[in-house]
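Working notes for the structure below.
The values are calculated or read from the model by the stated rules, or taken from the named source; none is laboratory data. Nothing here was measured: the structure is a model prediction, and the numbers come from that model. All Cβ positions, glycine included, derive from the backbone under ideal geometry; neighbour counts span all protein chains shown. Note: accessible area is taken over every heavy atom of the protein model, side chains too, but ligands, DNA and RNA are not part of it. Shrake-Rupley method; radii C 1.70, N 1.55, O 1.52, S 1.80 Å.
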Amino acid sequence: MSFHGRTALVTGAGRGIGREIALGLARGGARVAVLARSADQVTETAELIRRQGGEAWALPADVADKAAREQALEKIPGPVDILVNNAAVVEPLGPSTRVDPEEWTTALLVNVVAVSALTFASLPAMVERGWGRIVNVSSGIVATPGGMVGGNAYVTGKAALEAHTLNLAAELAGSGVTANVYRPGSVDTAMQAWIRSRDERDIPALHRRFHDNHRNGRLFTPEASASALPARLGGTATGEIWDVAGIPA
């Protein structure tokens with residue numbers, strides 16, 4: 001797809017799925033602002049984009065930090081046309097009887113509140129120009145919330161994120177701005193590896209499932225998971241849930 005003249009912002013783009021989404025949009029001609037907490041990783045992603053002939057800006061920032069988030073947006077030359085909210089945290093994990101309420105709240109701050117804040121900041125210019133693409137990266141676990149025992153904060157946040165996205169899509173119908181959910185499938189990422197390294201006693205069912213998926217080769221690579229997204233963004237569909245598990249490679 002051609003995104004020449006468009007500016008994209010991809011969060012959580014320092015590695016994994018976010019990095020591959022950023023690279024894919026750049027190959028389509030978009031200028032890409034790469035945002036993530038790690039300065040080294042966002043710099044590397046931006047450099048990879050430049051090596052393939054694209055234009056990129058490295059924006060090290062924590063999306064949960066309001067001031068850092070706003071400063072990052074100010075460094076992007078011109079308005080954002082394509083916003084991919086990929087940054088997320090999976091912790092806290094473990095029995096809800098032992099979860100710290102403040103950590104639970106922080107998870108929703110990253111996975112829902114920061115996403116909506118970036119969207120609301122980018123939205124006015126999109127609506128004014130009559131073109132914009134918003135994609136919120138979710139998880140297939142929203143379809144079966146009981147399947148991730150020990151991950152209450154993550155499941156709650158992703159369910160809220162999908163409701164926010166689909167409601168926003170209905171509000172924006174006919175404006176030229178689309179909002180869709182992207183479920184990337186089970187992907188071999190650092191987050192997956194971190195979950196597998198956790199104490200099995202805290203999350204026994206989740207731990208077992210993640211290890212089985214890894215051992216049996218049932219994980220997408222980040223490249224395979226992200227590969228379908230640019231083409232989808234080139235269309236006009238809105239208010240949809242794009243589940244990689246159901247998208248032909």
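Assorted remarks:
- Based on protein heavy atoms only, segment 1-92 ends up with 42 Å² per residue of surface accessible to a 1.4 Å probe.
- Largest first, the residues GLU223, GLU20 sort by 1.4 Å accessible area into GLU223, GLU20.
- For segment 57-183, carbon and sulfur atoms together expose 57% of the accessible surface, with a 1.4 angstrom probe and every protein chain in place.
- Cα-centred dipole magnitude for segment 1-96, charges only on beta-carbon of K, R (+1) and D, E (-1), debye, nearest 20: 260
- Considered as an equivalent ellipsoid built on the Cα gyration tensor, segment 88-153 has semi-axes of 31, 14, 6 Å, the largest given first.
- Heavy-atom accessible area order for HIS4, HIS164, largest first, 1.4 Å probe: HIS4, HIS164
- For segment 11-95, fraction of C-alpha pairs farther apart than 18 Å, in %: 38
- Label point at THR221 placed 7 Å out along Cα→Cβ; residues across segment 32-46 whose backbone nitrogen lies under 16 Å: none
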